[in-house]
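The values are calculated or read from the model by the stated rules, or taken from the named source; none is laboratory data. If you're wondering where the values come from, they're calculated on a predicted model, not measured in any experiment. Counting neighbours? That spans all protein chains shown, and the Cβs are built from the backbone with ideal geometry, glycine included. When the accessible area is computed, the model is the full protein with side chains, heavy atoms only, and any ligands, DNA or RNA have been set aside. Shrake-Rupley method; radii C 1.70, N 1.55, O 1.52, S 1.80 Å.
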Amino acid sequence: MFIQTEATPNPATLKFIPGRVVSDGGPMEFASREAAARSPLAERLFDVPGVTSVFYGSDFITVTKASGEWQQLKPAILGAIMEHYMSGAPLLADGVAAGHDDLDDEDEFFDEADAETVDMIKDLIETRVRPAVANDGGDITFRGFKDGVVYLNMKGACSGCPSSTATLQHGIQNLLKHFVPDVVEVRPM
């Protein structure tokens, strides 16, 4: 098994590409050891000293570190990923492959009168923003829309990335303002 690695815009996060489907039920983020209890792979990765977050995309895994150098952490992370896939263990201990997007919909907020605008915003995020963000090892989801402000949740490599503010305010905000005149600002949640 050959696992490729790619740098992300976030120097604390590295993208691992195992060459097979990782999560076919949508993106999943494990921001703590407790949350990782659902996934045997995430648990193995949290056993590597310094790992603070694990994110599954459709065909990649991003790992975020608090400390240590990648050249020391990478072999242990690669070993954990390889062991997981060679063991044949499921991605999730409970067998349910639903991503966190199911939960995200319940937490969305916007005025019903803005439903058409929100549909346009969601479509732009889904078709133009998410693919680019996934390419960088992360994900972004719509959280809400109120008084012209779009609230987005950034996950994976994008969470805590030094350039995420610039991405939000210059890239995504400009895109949404161009196509949706009601948008005045974009903010992280």
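Observations on the structure shown:
- Residue within region 76-85 that is crowded, with 18+ Cβ neighbours inside 10 Å, at pLDDT 85 or above, of a type in the set (A, V, I, L, M, F, W, C) and within 17 Å of residue 37 (Cβ to Cβ) present: yes
- Filtered residues of region 29-75 (kept if surrounded by 19 or more Cβ atoms within 10 Å (Cβ to Cβ) and of a type in the set (Gly, Ala, Ser)): 36, 39, 42, 53, 57
- Hits in region 109-155 (condition: touching a Gly at 6+ places or on another chain (Cβ under 7 Å) and closer than 24 Å to residue 55 by Cα): 134, 137, 138, 139, 151, 154, 155
- Checked against the criterion of being free of Cβ contacts under 8 Å to residues at least 60 places away in the same chain and within 22 Å of residue 131 (Cβ to Cβ), region 21-42 has at least one qualifying residue.
- Selection status of residue 14, open to solvent by 40 Å² or more (accessible area, probe 1.4 Å) and closer than 24 Å to residue 133 by Cα: no
- Contacts under 8 angstrom Cβ, first residue in region 169-189 being in contact (Cβ under 8 Å) with a residue 12 or more places away in the chain and surrounded by fewer than 16 Cβ atoms within 10 Å (Cβ to Cβ), partner of a type in the set (Gly, Ala, Ser) and not in a helix (DSSP H, G or I), 6 or more apart: 184/148; 185/148; 189/144
- Candidates are the residues of region 88-111 that are open to solvent by less than 70 Å² (accessible area, probe 1.4 Å) and assigned to a helix (DSSP H, G or I); the one that is modelled with the lowest pLDDT is 101.
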